[in-house]
Amino acid sequence: MKKALLLAAALAVTTSASAAGKLEIFSWWSGDEGPALEALVKLYKAKYPTVAVDNATVSGGAGTNAKAVLKTRMLGGTPPDSFQAHAGQELIGTWVVAGRMEDLSSLFKSEGWDKAFPKDLLNLISTNGKPWSVPVNVHRSNVMWYNPAKLKAWGVTVPKTWPEFLKTCTTLKAKGVAAPLVVGENWTQQHLWESVMIGTLGAANWENLWAGKLKFTDPKVVAGFTTFGKVMDCANKDASGLSWQQASDRVIDGTSAFNVMGDWAAGYFATTKKLAPNTGFGWAPAPGTTKTFVMLADSFGLPKGAKNRTEAINWLKLMGSKAGQDAFNPLKGSIAARTDSDLSKYNTYGKSAAADWKSNKIVGSLVHGAVAPESFMSAFGAVIDQYVSSRNSAGAAAAAQQLAVRAGIGK
Amino acid sequence: MKGLSKDRLWSMAVLAPSVILIAVFVYGFIARSVYVSMTDWGNDPAQALALEPIIRWVGLANYQELFTGFLQGRFRQELVSTIFFTVFFILGCLGLGLGLALILDRNPKGEGLWRTIFLFPMSLSFIVTGTIWRWMLQPGGGVNQAPTLLGGQPSTFGWLSSTDALWKFDWNKLPLLTASVVGLVLIVLAVRAARSGDRTRTLVAAACAALLLGWALLIGPNVKLLPAPELHGFNLALIGIIIAAVWQMSGYTMALYLAGLRGIPEELREAARVDGANDLSLYRHVIFPLLAPISLSAMIVLGHISLKIFDLVYAMAGPDNISTSVPALNMYLTSFRQNQFALGAAIGTILLILVAFVIVPYLSSQFRSEEGHA
Amino acid sequence: MTATPAKAAAAPATPRRPVQPGRVVMYALLVLAALFFLVPVYLLLATALKSPDAISLATTWHWPAALNWASFSEAWGKIGGNMLNSLFLAVTATLLSALLGSLNGYALSKWKFRGANTLFALMLFGMFIPYQAVLIPLFQFIKELGLYGSIWGLILAHVVYGIPITTLIFRNFYADVPDALVEAATIDGAGFWQIYRLVIFPISIPGFVVVIIWQFTQVWNEFLFAATLTNTTSQPVTYALSQLAGGQAVSWNLPMAGAILAALPTLLVYILLGRYFVRGLLAGSVKG
């Protein structure tokens, strides 16, 4: 019945909009990530030539600015036809709980996506078996980047654990590298925190943390904060002035030795900086997370009240298709969320990431919206900021616990 | 007073739309904001963005959260930052503006050109100013590279990224500090009133001072807003923003002072000179006292601009730079990023109260005198 | 330090003075101050005219070897549409609030009634409030009106919050018009509107110029309402510029060129009509 209604609604929209359709998609992909989106839009235009695509991007802060704008638009009653959101709790905890999104079950069934995507991912984007968004890519958050030539010159190797990292840090400092680790504006520090915490706790405890089985006030978590503080002592002091790209530049020019950043940095190194993988830039899992794949995915959902619903559904179909994902991901520097993608289209880094995606333990990223709702994450930034200035591990852990209770984590 | 003629009715009819609009958009919305600030709208994520959110009355809980809540350290730092920002911004604008006006008052050649140069930033948007200065204050760029032009070493000061702070104090001591400062001010007032022979005022001021200081000494030290000490101070990262703000606004104070200086009749200066005053005492005893009301106006206008400042910080340091953040920016982020609408409304209301402290006495003093003979 | 130039200029009227050390110090100070105000402009131009790969922090101060005018066309491509939004917004909002301000000023200064000053003070308060204190209800109200996301919602907000300042400027302006003029017209049998049309409006041109310049600059430069009340198609230039600069801006020539474009209209107004601009500035500080 519901499906029939949906269909009828879809048909009604089609007839009225078939002459000159419109589609507004909302994302934070601009600049370096723009071309990948462009490729998708081009594919869409080839398929639906009469539709005018309005590509609304709001840049900055790994999507934080875009999310603020999206909020005013959704509240204002003019949602974009489809918008980008990190797959998982970011969408679910913010928009699904508020009853603002359409259930995509029928679309997943008709497109055969319940088999095309891995089970873990489907669990992440669904509540009670209902999927809410179409994941288009998979990124890895726990990657440490370095410049192989510089490491050789300094005579250090890539540390495998955080205690080892701290030793390497001391060695590098003695060799005159003032800041062996580079961090940027505050979300990149939270990003680092995530890798330190998973590297200290282990993947299983990380999952327990978000299932509410492990408290933030647990001594293990407090110890993770303390390690994070020590790691931050290895970092540059002008962090908040740097974008993640500027921070990455410091690894290449040898000002710093390491940078923990998501694997979108691979695209930046290879495409923008024209460096060769393994020689121009190198990577390894962040210390302590060797067999763990901390994933995040970008996804698009369908808000209730979208003006051009049919066009939006066509857009979602394209995003979830093999052709769409293989057009998008090689340019974006991510791997396809589908398991059947054509690996020959991907670069060296992409191939290695795709291999890890299949063999590693997979957990969700906090900073990039997979494991915690926005109400937790947006306030958690302040906890990290306060920790960085006060270095009070117990206090930060208690604050995080308070936030977790408020956000209903583990309920 | 003439009777209610047709013309008089017309004049009221003409005013009516504006009065209604202001009543709704200013006073109505303020009331609504204050109401929202006393609800829990946004505390439950499921209700925050729902089409028909369920909103409950919680009284002053949001305010309590802001001043004593464990998670709102950012807001408290911003409150401290905005006070420091306001003080230095006003001092900078008044100082630079007065200096420039005094120089221009001596009729240098090409006065119009100089004036144009000093005043043009006023016509820019804070966003434009912020964009320019953001680039100039990049770590390792612009201003920090300037010494190399003279053959020096580049500076490494973290203009917008420094995390150091000066004059740190424990937030727990805030009630104590406030009570002591206000108490001391009251003592000064009492002494002045005593000197001018106003007995009631002396007594009231002295009694209030005694009460406050007594509280500060006996009860104050035991008041704890927070379970643990929390240090706040003047963040060095604000310096860059203050400089940019002074760059933009000091032309304004210059224009005010220049108009004031030009308004001082030449005869007055001549008379002072005839009385044997040298230039220094001419300025001290004649000109500066005449400029005092201008300083007051400028302080009020700059003060409310500085308490509201938001766009400059947003454009210069970004929304996430905690060391440079101000309450006005936090209000936007809390409401539209964290979906905590009630908490955002509370921050907005606190800002309004701060501004009202500056503006209301000013407006009422401006108009009280006039109302009598209207 | 101020003592030296003060002494030197003690006799400003005498022509053909010999070079005085005080004057030298004065000009040195002027040049120093001018540097403070102009150096950002130099960096702005130098960076805007560089090509992206010629921009590096170490060479910030160098004038570009080859001028890259393409920055401007590229920046225009990104924010040109928003400039047009801003133009429409600023012109419409300015005219509406100037008209309202003129009528209000006339009514308040020439047809005073009991409580007129209190009413005026209450209106003026609206000029000083931090807009954050009304942002959430304003947002909801504009949405209820169905104006969210359109430029008209933004125009409404600017007109309403512009009423206090425009009323203030006109009220002060009309206060200088002799009441005898109005009284004479009343004796001639002219009513409220006739007096406005025949006596007040014709002499209001300077007042309108001041108000229009002031309001235009304010509306053009505003950011908070622009960020909360519009969506992508109706965003004014300040918001678009913040996006251009706030993003992962690796090539700084673009935001710099964008800043120049966004600044040009108000800057032109200021340079061409500077005298009136200053008057608006002075009027902005309340005189009872």
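With the crude spin-label approximation of a point 7 Å out along Cα→Cβ, what separation in nm comes out for C:Leu268 versus B:Ala13?
It works out to 4.1 nm between the two label points.
Rounded, prolate or oblate: pick one for the stretch B:166-244, where a ≥ b ≥ c are the square roots of the eigenvalues of its C-alpha gyration tensor, a/c under 1.5 means rounded, and failing that, prolate if a/b is larger than b/c, else oblate.
Since a/c reaches 1.5 but b/c is at least a/b, the shape of the stretch B:166-244 is classed as oblate.
Order of C:Tyr42, C:Tyr270 from fewest to most other C-beta atoms within 10 Å?
Working: C:Tyr42 12, C:Tyr270 22.
Listed from fewest to most nearby Cβ atoms, that is C:Tyr42, C:Tyr270.
Loop-only check: which trypsin sites (Lys or Arg not before Pro) in the stretch A:190-269 are DSSP coil with at most 13 other Cβ within 10 angstrom?
A:Lys213
Counting each DSSP H run of 4 or more residues in the protein assembly as shown as -39500 (n - 2.57), what helix-only mean residue ellipticity at 222 nm follows after dividing by all residues, to the nearest 500 deg cm²/dmol?
Rounded to the nearest 500, it is -19000 deg cm²/dmol.
Obtain the nm distance between the two label points defined at C:Val24 and B:Leu166 by a simple spin-label model: each point lies 7 Å from its Cα along the Cα-to-C-beta direction.
Here the modelled spin labels are 3.4 nm apart.
Return the long-range amide H neighbours of A:Gly21 (sequence gap of 5 or more, or a different chain), with a cut-off of under 5 Å between placed amide H atoms.
A:Val51, A:Ala52
Can you tell which of A:Ala370, A:Ala382, A:Ala235 shows the greatest fluctuation in a Gaussian network model of chain A with Cα springs below 10 Å?
Answer for the Gaussian network model of chain A: A:Ala382.
May I ask for the percentage of alpha-carbon pairs in chain A that lie more than 38 Å from each other?
On the way: 16495 of 84255 pairs.
Above the 38 Å cut-off, chain A has 20 percent of its Cα pairs.
Based on the alpha-carbon gyration tensor of chain B and its eigenvalue square roots a ≥ b ≥ c, which shape applies: rounded if a/c is under 1.5, prolate if not and a/b is larger than b/c, or oblate?
Rounded, since a/c falls under 1.5.
Classify chain C: rounded, prolate or oblate, from the alpha-carbon gyration tensor (a ≥ b ≥ c, eigenvalue square roots; a/c under 1.5 rounded; otherwise prolate if a/b is larger than b/c)?
Numbers: a/c = 2.50, a/b = 1.21, b/c = 2.07.
Oblate shape, in that a/c is at least 1.5 and b/c is the bigger or equal ratio.
With springs only between Cα atoms under 10 Å, which of C:Leu122, C:Leu254, C:Leu30 fluctuates most in a Gaussian network model of chain C?
Per the Cα network of chain C with a 10 Å cutoff, C:Leu30 tops the list.
Are there DSSP H segments in chain B that both extend 20 Å or more along their axis (alpha-carbon positions) and score a mean Kyte-Doolittle hydropathy of at least 1.0? List them, or say none.
TM-like helix candidates: B:6-22, B:73-104, B:174-195, B:199-218, B:238-262, B:288-308, B:341-371.
If you line up the Cα atoms of the protein assembly as shown on their principal axes, what length do they span on each, largest first, in Å?
The principal-axis extents, from largest down, are 94, 70, 70 Å.
Using the number of other C-beta atoms within 10 angstrom as an exposure proxy, rank C:Ser71, B:Ser155 with the fewest first.
B:Ser155, C:Ser71
Could you let me know the centre-to-centre spacing of the stretch C:62-93 and the stretch A:169-219, using Cα atoms, in angstrom?
42
Tell me the volume per residue, in Å³, of the convex hull enclosing the alpha carbons of the stretch B:256-337.
Details: hull volume 9.5 nm³, N = 82.
It is 116 Å³ per residue.
Post the alpha-carbon centroid distance, the stretch B:177-206 to the stretch A:79-103, in whole angstrom.
59
Tell me the Kirkwood radius of the stretch C:122-175: reciprocal of the mean inverse pair distance over distinct alpha-carbon atoms, in Å. Don't skip to the answer; put the middle values down first.
Working: mean 1/r = 0.0817 Å⁻¹.
Taking the inverse mean of 1/r over all distinct Cα pairs, the stretch C:122-175 comes out at 12.2 Å.
Give me, ordered by chain and number, the residues 5 or more places off A:Leu302 or on other chains with an amide H under 5 Å from its own placed amide H.
Amide H neighbours of A:Leu302: A:Glu102.
Which distance in Å, rounded to a whole number, links the C-alpha centroids of the stretch C:180-213 and the stretch A:108-159?
71
Neighbour counts of other C-beta atoms within 10 Å: give me A:Phe165, A:Phe216 arranged from fewest to most. Each step should come with its number before you reach the end.
On the way: A:Phe165 26, A:Phe216 22.
With the sparsest Cβ surroundings first, the list reads A:Phe216, A:Phe165.
Only the coordinates and a few stated rules stand behind these numbers; no lab work does. Note that the structure is a prediction, hence the values are computed from the model and not measured. No Cβ is skipped: glycine too gets one built from the backbone with ideal geometry, and neighbour counts run over all protein chains shown.
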